[in-house]
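The values are calculated or read from the model by the stated rules, or taken from the named source; none is laboratory data. A quick note: this is a predicted structure, and the numbers were derived from the prediction, not measured. Using ideal geometry, Cβ is built from the backbone for each residue, glycine included, and neighbour counts are taken over all protein chains shown.
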Amino acid sequence: MSIRPAISTSSASPTLEGAGVHLHRAFGFSEPKTHDPFLLFDDFRNETPDAYAGGFPWHPHRGIETITYVLSGSVEHSDSLGNSGTLGAGDIQWMTAGSGIMHQEMPSGNLNGQMHGFQLWANLPGSLKMTAPRYQDVPGKEIPQIIDDDGTQVKVITGAFWGQRGPVDGVAADPLYLDITVPANRRKAFKVDTYRNT
């Protein structure tokens, strides 16, 4: 097995989005070629409601897909197509904006006021920019979890890994999206297809 070194790493930078939500951006629009087809990756992790209560009121998206993964707290969402719902801890939402959609995302903390999640944006190829908007809401209980002999835990959100396939499908970027937890003081190597670069 050959080892492919990381070309670069990035540190998340604090920023404000929506109606004053404090978050950390791991990468954004300034590095499109490095992370193509991904446009940005945000970590919204806050200990107090003041840092996120304003949420993300009504705003448009077009020509992209947004992937929201909630780890703690919840996110209420609604859109211009009449869809609405709540994502709880462990849940995933994959939104294809396609030809255009208006939506809002309003976070709430857990019993201790904490809110944590990630959002990834993926660019749609030109041939799919005008596709019909759609949502895939996936409850956390439907996400396969694998536990290796050394205690490493892998949740397969989309793509195939260790014989399991994630429940999110039909995504143009064909990503492999995993939530990996390696036990403390251990190292773990994972096979990654050579065509994957982010």
If we keep only residues of the range 181-198 that are within 22 Å of the chain's Cα centre (by Cα) and modelled with pLDDT of 90 or more, then the residue nearest to Val156 (Cα to Cα) is Thr181
On the given criteria, is Gly117 in a loop (DSSP other than H, G, I, E, B) and surrounded by 11 or more Cβ atoms within 10 Å (Cβ to Cβ)? no
The range 33-61: number of residues that are closer than 30 Å to Gly113 by Cβ, charged (D, E, K, R) and touching a residue at least 24 places away in the same chain (Cβ under 8 Å): 4
What tally of residues in the range 79-100 results from selecting those that are surrounded by fewer than 20 Cβ atoms within 10 Å (Cβ to Cβ) and either modelled with pLDDT of 95 or more or touching a Cys at 6+ places or on another chain (Cβ under 7 Å) (or both)? 6
Residue that is nearest to Pro107 (Cα to Cα), among those in the range 1-58 that are in a strand (DSSP E or B) and among the β-branched types (Val, Ile, Thr): Val21
Those residues of the range 62-76 that are within 13 Å of His116 (Cα to Cα) and surrounded by fewer than 20 Cβ atoms within 10 Å (Cβ to Cβ) come to a total of 3
Selection count where residues are outside any strand (DSSP E or B) and not hydroxyl-bearing (Ser, Thr, Tyr), scope the range 142-196: 33
Restricting to the range 171-196, count the residues that are under 27 Å from Lys129 (Cα atoms) and touching a residue at least 24 places away in the same chain (Cβ under 8 Å). 7
Which pairs do you get when a residue that is without any contact (Cβ under 8 Å) to a residue 60 or more places away in the chain, found in the range 145-165, comes within reach of a residue that is charged (D, E, K, R) and loosely packed, with under 15 Cβ neighbours inside 10 Å, reach meaning Cβ atoms under 7 angstrom, with the pair 6+ apart or on two chains? Asp150/Arg186; Thr152/Lys188; Val156/Arg165
Every residue from the range 22-61 that is of a type in the set (D, E, K, R), surrounded by 14 or more Cβ atoms within 10 Å (Cβ to Cβ) and within 24 Å of Gly170 (Cα to Cα): Asp42
